[in-house]
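Below is one structure, written out as structure tokens, with a few remarks after it.
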4 protein chains.
Amino acid sequence: MCRWLAYHGSPITIDKLLTKPNHSLVDQSINARHLSLPGFPMAKQFPGHDFPTNGDGFGIAFVGREGNIGQFREITPAWDSHNLHSLAEQIETGTLLAHVRAAPGGSIAEDNCHPFVHDGWMFQHNGGVGGFEKMARDLRMDVDPELYPFIMGNSDTETCFYLALTYGLASDPVGAMMKLNDRIEQARADNNVTAPFTACMAASNGDILVTMRVSSRENLGSGPVPESPSLYHAHGAAKIRMADGTEEHLPEDTQLVCSEPLELDFSDHEWVPVEDRTISLFQDGKEPQHTSVPVN
Amino acid sequence: MCRWLAYHGSPITIDKLLTKPNHSLVDQSINARHLSLPGFPMAKQFPGHDFPTNGDGFGIAFVGREGNIGQFREITPAWDSHNLHSLAEQIETGTLLAHVRAAPGGSIAEDNCHPFVHDGWMFQHNGGVGGFEKMARDLRMDVDPELYPFIMGNSDTETCFYLALTYGLASDPVGAMMKLNDRIEQARADNNVTAPFTACMAASNGDILVTMRVSSRENLGSGPVPESPSLYHAHGAAKIRMADGTEEHLPEDTQLVCSEPLELDFSDHEWVPVEDRTISLFQDGKEPQHTSVPVN
Amino acid sequence: MCRWLAYHGSPITIDKLLTKPNHSLVDQSINARHLSLPGFPMAKQFPGHDFPTNGDGFGIAFVGREGNIGQFREITPAWDSHNLHSLAEQIETGTLLAHVRAAPGGSIAEDNCHPFVHDGWMFQHNGGVGGFEKMARDLRMDVDPELYPFIMGNSDTETCFYLALTYGLASDPVGAMMKLNDRIEQARADNNVTAPFTACMAASNGDILVTMRVSSRENLGSGPVPESPSLYHAHGAAKIRMADGTEEHLPEDTQLVCSEPLELDFSDHEWVPVEDRTISLFQDGKEPQHTSVPVN
Amino acid sequence: MCRWLAYHGSPITIDKLLTKPNHSLVDQSINARHLSLPGFPMAKQFPGHDFPTNGDGFGIAFVGREGNIGQFREITPAWDSHNLHSLAEQIETGTLLAHVRAAPGGSIAEDNCHPFVHDGWMFQHNGGVGGFEKMARDLRMDVDPELYPFIMGNSDTETCFYLALTYGLASDPVGAMMKLNDRIEQARADNNVTAPFTACMAASNGDILVTMRVSSRENLGSGPVPESPSLYHAHGAAKIRMADGTEEHLPEDTQLVCSEPLELDFSDHEWVPVEDRTISLFQDGKEPQHTSVPVN
């Protein structure tokens, strides 16, 4: 499992999300464990959080100068990155994706660190495509041959990103995410994969933010029905408790989606769990639009 | 906190210690947490284990070809190192020190990864010199000026190593460790440091292995009396349960000292807790020799 | 361009090849430039050497304990690696492949560092598959689907390795290399690639060592006919001048193939240029067997 | 040797200096060699350039949001850094220090990468303190004990920075640099060091930029009188040729100091060599103020 956050709203300096909150994304890179301890008071609010460490690299992508996407990724743990701490104070953006990775023993490379960026889009994922090694060839063959050469690493997520682009992420983001889920389930069936696909995914081009929370209900064999990774949404002028005891108020137009709330002792009403099997579309000046993902 | 092990005995391939046991040092780099969960059955056997992640680099040092010490260190987590897994299958030695580091947010550099090596000696440490930043100048001034230029990093441990060498580690290892402890306590008093010095340290030249388990009883102000980091000793033909379900028997002359036993479901009698405030000397063909560290 | 060496013979410690010669592979990682200076006395002996720096990672693979292949790769320059210097003193092997990479601005990852290792074979390459991005999809589709999931990175060479395995490297190494060259030329034609394929490749399973020196003569458009990367062979009890002024004699049964001689002021007769368009097979107790690669 | 640049003027995006010019600082990290080839037409304009590769890490520091200094450093070569390329497009500043490091075989760590930053100041250096290992203890003892704990690495430059701060960099920058040079020369004499001190140094707090070009004339024994590393100054609306064939005009108030001009085919009058043995002070709206460094 990993942890991520996605922010869309008026420009803010990103340390307010990444490094300063009392359960910032950087804190979640090493301290997510408290939320999963049996008996810990808040544990019941955080289903599916069973791994404390997200130390296998990290990354951020953001809409910056002249609308270009800036990207910064490192293969070392976020909690150790002096660069991240310093840059987070300097970068101001209205659209940020940020990710801390848990892939212990996997391939550690910048090319495998989220968010992935291509042609004005950025993409990240918490979860996994079970049995990906059996399906990778099939899935990559479905990627538009024009896009294929841009696949750099070996992560399941990067292939998902290029599939989503192939399926029309730019023109119909909700439809593309739906088709991505369908295609993966088809590949699981085709390749007799029983390990589930689990996903909280986020994609943005700076204008819209689309997320998908889903996990396999199909082809699970005798395995348990998986719980989708947790996902929370905060909108409006959310206030966040900082590690130094102060509070920061986010802008009125804030749309913030994240694996875990960024504060440990939060007010329930501000962090809304995202429904399972949902694709959500966030746009400026509009209510979030939620679409259910049917079981095939 | 960190985790380490030290092996002295007949030559073995080091994967039997580092990567294959069901709670190998690599496993301890990411999974030490289970041992500290309240209510976890074995937790009571592991006092002072309160941090699950030792992901801020790692290192090994070993006596190799022609008596030269080989050294391998990386700044990324041990659990991710394909190099470590491959090399551990290839390296055979009669004396190994190995260390996984926890220094989240500190300086991440090979120069700060244990074990440190100089002039035929290797050295590693679990714990910390509280208030080191206040005492670093004083302590480094005590290092033999001939040795001073070999200090490469900023870790407390490396300075401790060069102090121990200055105090005669090569000629009187027990005395040098004793003097090291005294000197640090003196520096704490001189600089009004109340944060404790805590240590499980190991040093070896391939002939002898010396360890020290100690923590401050002096100058603690109103702070709690610290618990020394855990330390265990296994000697003789210890068998260790491997992650694959098999068992490995270590050689008859094994002297194995480690922060945590290398197996999760061990037989109590084989892993002996090292007494607190003890300097232990392990030598071929001799019984371990334990010396108490008095409170000044 | 990169630099590599391949050794097959009686076991030796590998510092004699990697770090100690006066133009060791590590020296070639940063100092290959002297060989390409116009007017430099030896430059005429080193055609095709026009880039001084091979600093984009390095790797070694060797047959070790119980016949297993050991592998060690880092993404930082070889000239900076204290690990490589220390391990080279400790590793003894009868079959070594070693590589310093030049891919400035490319994807820097251990997964892209040579030598690649799979199922008892190791593989490395100096040169490049021109237009690889256009052909990658076609070429990877030719890889045995059972082998496909083991492709970890995005380098042209790794795909070549798995193609060679697919084409029977284990049973007919010369035929597999020939077919690899043919397949790449076919893909160049199919995809209208005029950038050449250039290669000095080496593969070994510890019993045999096979190398191929070749570059495109087909589909070059109006581009110049490329020169294949340089390749040299030294066999028998070659002596090599060390950086410290001494000489080391390699074993009588030495088969050493390398991009550049490992010494700067060598005796001509000991370093034999490998003929262009040649696949060479080196086996214990047999004369090297050379096969010409025809132009299609 | 290393390469660096320092910019002070109206805010610009830093890719115009770091990545886009036809001999940008990133290009100088790998391609400085052309300038030192014997017979190369421009070589005579670049005395003291004898090493093509500056691949041992890099760093930038800049005055950013709310006057805070942002810092970004990596231990891998600048030419390989996708992060640097992406961030350079996003960062806009009026004061930038940027550095590519050449320390082959030395200690590779972020802590040793320039620019160093402390308390509102940033500092970088091309050159070296010859015999530093003999003088490090003496020089570090001269550092204000309050500043001593902030020394993180083992580089000569970082110690120089803290000495300069100790000597009053903030209140009298020219005097502090002068005293730094004197102190190093004194240490060379005290420790019988004949290896020279060579330096092009730059320091800034965002308001002023101070540089020093100097090398030892004292205590050289029988060694040659060293040439100071090259240093160039461009002021006013300098235009720079970009790698893509375009030209960029820098702001009217530009003060740009760099090891090498940022373009290969420049107009002589725009890049003015800085006189040897000179401390230069650059301030908004004032003419640069140059002070000679006397030989003691």
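The values are calculated or read from the model by the stated rules, or taken from the named source; none is laboratory data. Please read these numbers as outputs of a predicted model, since none were measured by experiment. Here the Cβ is made from the backbone with ideal geometry for all residues, glycine too, and neighbour counts use every protein chain on show. Surface areas here come from the heavy atoms of the whole protein model, side chains and all, with no ligands, DNA or RNA. Shrake-Rupley method; radii C 1.70, N 1.55, O 1.52, S 1.80 Å.
Data for the structure
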| item | result |
| --- | --- |
| Unmet criterion (only one of (1) over 30 Å from B:His85 (Cβ atoms); (2) of a type in the set (Gly, Ala, Ser); (3) touching a helix residue (DSSP H, G or I) at 6+ places or on another chain (Cβ under 7 Å)) for B:Gly223 | (3) |
| Selection status of D:Ala109, within 14 Å of chain B (Cβ to nearest Cβ), at pLDDT below 95 and surrounded by 18 or more Cβ atoms within 10 Å (Cβ to Cβ) | no |
| Selection count, segment C:50-59, where residues are open to solvent by less than 10 Å² (accessible area, probe 1.4 Å) and modelled with pLDDT under 90 | 2 |
| Residue, modelled with the highest pLDDT, within segment A:115-128, restricted to residues that are in contact with a Cys (Cβ under 7 Å, 6 or more places away or on another chain) and open to solvent by less than 10 Å² (accessible area, probe 1.4 Å) | A:His125 |
| Residue count, segment C:79-106 (criterion: more than 17 Å from C:Gly153 (Cα to Cα) and within 8 Å of another protein chain (Cβ to nearest Cβ)) | 10 |
| Filter result for D:Glu146 (more than 20 Å from D:Met212 (Cα to Cα), over 19 Å from the mean Cα position of the chain (by Cα) and surrounded by fewer than 24 Cβ atoms within 10 Å (Cβ to Cβ)) | yes |
| Of all residues in segment B:100-113 being farther than 11 Å from B:Asn54 by Cβ and assigned to a loop (DSSP other than H, G, I, E, B), the one that is nearest to the chain's Cα centre (by Cα) | B:Cys113 |
| In segment D:208-226, the residues that are surrounded by fewer than 21 Cβ atoms within 10 Å (Cβ to Cβ), touching a strand residue (DSSP E or B) at 6+ places or on another chain (Cβ under 7 Å) and in a loop (DSSP other than H, G, I, E, B) | D:Pro226 |
| Residues of segment C:204-260 classified as more than 23 Å from C:Asp284 (Cα to Cα) and among the β-branched types (Val, Ile, Thr), total | 3 |
| Verdict on D:Tyr162 being at pLDDT 95 or above and farther than 21 Å from D:Gly59 by Cβ | no |
| Selection status of B:Gly39, modelled with pLDDT of 95 or more and either within 20 Å of the chain's Cα centre (by Cα) or within 9 Å of another protein chain (Cβ to nearest Cβ) (or both) | no |
| Spans of strands (runs of 3 or more DSSP E) in segment C:230-296 with at least 1 residues within 14 Å of the chain's Cα centre (by Cα) | C:232-235, C:255-258, C:278-283 |
| Yes/no for B:Phe62 being surrounded by 23 or more Cβ atoms within 10 Å (Cβ to Cβ), at the interface with another protein chain (Cβ under 10 Å from one of its Cβ atoms), aromatic (Phe, Trp, Tyr) and touching a residue at least 24 places away in the same chain (Cβ under 8 Å) | yes |
| Positions within segment C:85-97 being closer than 26 Å to B:Gly120 by Cα and open to solvent by 10 Å² or more (accessible area, probe 1.4 Å), in sequence order | C:His85, C:Ser86, C:Glu89, C:Gln90, C:Ile91, C:Glu92 |
| Residues (open to solvent by 10 Å² or more (accessible area, probe 1.4 Å) and in contact with a Phe, Trp or Tyr (Cβ under 7 Å, 6 or more places away or on another chain)) located in segment B:242-264 | B:Gln255 |
| Some residue of segment D:134-151 being away from chain B (no Cβ under 14 Å), in a helix (DSSP H, G or I) and either touching a Ser or Thr at 6+ places or on another chain (Cβ under 6 Å) or touching a residue at least 40 places away in the same chain (Cβ under 8 Å) (or both) | no |
| Among residues of segment D:174-198, those that are over 22 Å from D:Ile69 (Cβ atoms), hydrophobic (A, V, I, L, M, F, W, C) and either in contact (Cβ under 8 Å) with a residue 60 or more places away in the chain or not in a helix (DSSP H, G or I) (or both), counted | 4 |
| Subset tally (residues that are buried (at least 24 other Cβ atoms within 10 Å of the Cβ) and touching a Gly at 6+ places or on another chain (Cβ under 9 Å)) for segment C:229-238 | 1 |
| Among (1) open to solvent by 10 Å² or more (accessible area, probe 1.4 Å); (2) more than 14 Å from chain D (Cβ to nearest Cβ); (3) under 18 Å from A:Ala78 (Cα atoms) - the single one B:Thr76 does not satisfy | (2) |
| Segment A:117-133 - residue that is part of a strand (DSSP E or B) and more than 22 Å from A:Arg188 (Cβ to Cβ) and, of those, farthest from the chain's Cα centre (by Cα) | A:His118 |
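Let's see how each residue does on (1) farther than 20 Å from B:Val257 by Cα; (2) open to solvent by 30 Å² or more (accessible area, probe 1.4 Å); (3) within 12 Å of another protein chain (Cβ to nearest Cβ); (4) in contact with a Gly (Cβ under 8 Å, 6 or more places away or on another chain):
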| site | (1), (2), (3), (4) |
| --- | --- |
| B:Leu163 | yes, no, no, no |
| B:Val174 | no, no, no, no |
| B:Met177 | no, no, no, no |
| B:Gln186 | yes, yes, no, no |
| B:Ala189 | yes, yes, no, no |
| B:Ala202 | no, no, no, no |
